[in-house]
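Here's the structure, in structure tokens; my notes come after.
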Amino acid sequence: MSMGRYASATTDPDWSGAGQAVLLRSPRGATARVSLHGGQVVSWTNDRGDELLFTSTKANLKPPKAMRGGIPICFPQFGNCGTLERHGFARNRMWALDEEHQPLNRSDSGSRAFVDLILKPSEEDLKCWPHCFEFRLRISLSKDGDLSLVSRIRNVNGKPFSFSFGYHTYISVSDISEVRIEGLETLDYLDNLSQRERHTEQGDAITFESEVDRVYVSSPNVIAVLDHEKKRTFVIRKEGLPDTVVWNPWEKKSKTMPDFGDEEYKQTLCVDAAAVERSITLKPGEEWTGKLELSAVPSTNCSDHLDQPGIM
């Protein structure tokens, strides 16, 4: 493959955060910025320049902590469901460009800009989580501006290991009180605000009036987040990730978070494609793949996107 005429991936000289960043650009002007610190998508804009992901104005851009916003990668632990630091260590590590897989500055059939990253455990990682792995991550932007992340985790260990996982996606919204989620109706969920008690969703759609921290189990592969004020719908497609985590800290918790503004809960909603309820187990040599695709479309057009089977 050669450098495509229609899409590009270049190192980003304007990035002020830790380490190197890569800027992906679609032919119509949509962009995605990827930081090598954490392998994290830190910005995603449409062809009009509207930012589609939320980043806190108080976010810490320097290591060792992950930046509050964008799409942190949660591995090998999601949340506090284990012995490791919250959400695991992958989001706090410096990733490398995966030159062996597909080099930077290449396009996928001339229509998709992408970057390939790789993470391998350090000696310090092996002390707290003694399992050898290779984590390959492809982040790409389609010609229409859709953002996709494909994670491939291989066990290069001599024994099986288990992990949980999540794409911790901070969506930018106009006002949380004007937002609803469709696609999770009637599902069971684990409520992290009440010791992971299991409940069944009763509403026709999920709306927000207070703090929410739920794991919707065995969720469908297509979910929609409707922002009434912006007349925009985010269509979330996932594969290999059975759960959907929905989180908003609301007012009281926001004030206890040093890297999050007191009123910023109104401007964001996390809807995470995840594997939380049941861990993923890999035998030696096995590989797992988890995919996420995000589209942002005018709400009048969203039914067409929801009807489309499969992703990527």
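Tabulated data for the structure shown
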| item | result |
| --- | --- |
| Residues (under 15 Å from TYR216 (Cα atoms) and either open to solvent by less than 50 Å² (accessible area, probe 1.4 Å) or in a helix (DSSP H, G or I) (or both)) located in the range 170-187 | ILE181, GLY183, LEU184, LEU187 |
| Residue count, the range 46-63 (criterion: open to solvent by 20 Å² or more (accessible area, probe 1.4 Å) and part of a strand (DSSP E or B)) | 2 |
| Residues within the range 207-229 that are among the hydrophobic types (A, V, I, L, M, F, W, C), part of a strand (DSSP E or B) and over 22 Å from PHE165 (Cβ atoms), tallied | 2 |
| Residue within the range 261-282 that is under 29 Å from ALA59 (Cβ atoms), touching a helix residue (DSSP H, G or I) at 6+ places or on another chain (Cβ under 6 Å) and surrounded by fewer than 21 Cβ atoms within 10 Å (Cβ to Cβ) present | yes |
| Residue count, the range 119-151 (criterion: part of a strand (DSSP E or B) and free of Cβ contacts under 8 Å to residues at least 24 places away in the same chain) | 1 |
| Criterion: at negative phi, buried (at least 17 other Cβ atoms within 10 Å of the Cβ) and at pLDDT 95 or above - qualifying residue of ASP125, ASP146 | ASP146 |
| Subset of the range 194-213 [touching a Lys or Arg at 6+ places or on another chain (Cβ under 9 Å) and among the aliphatic types (A, V, I, L, M)] | ALA205, ILE206 |
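The values are calculated or read from the model by the stated rules, or taken from the named source; none is laboratory data. Because the structure is predicted, anything quoted here is derived from the model rather than measured. Ideal geometry is used to build each Cβ from the backbone, glycine not excepted, and the neighbour counts take in all protein chains shown. Ligands, DNA and RNA are excluded from the accessible area calculation, which covers all protein heavy atoms including side chains. Shrake-Rupley method; radii C 1.70, N 1.55, O 1.52, S 1.80 Å.
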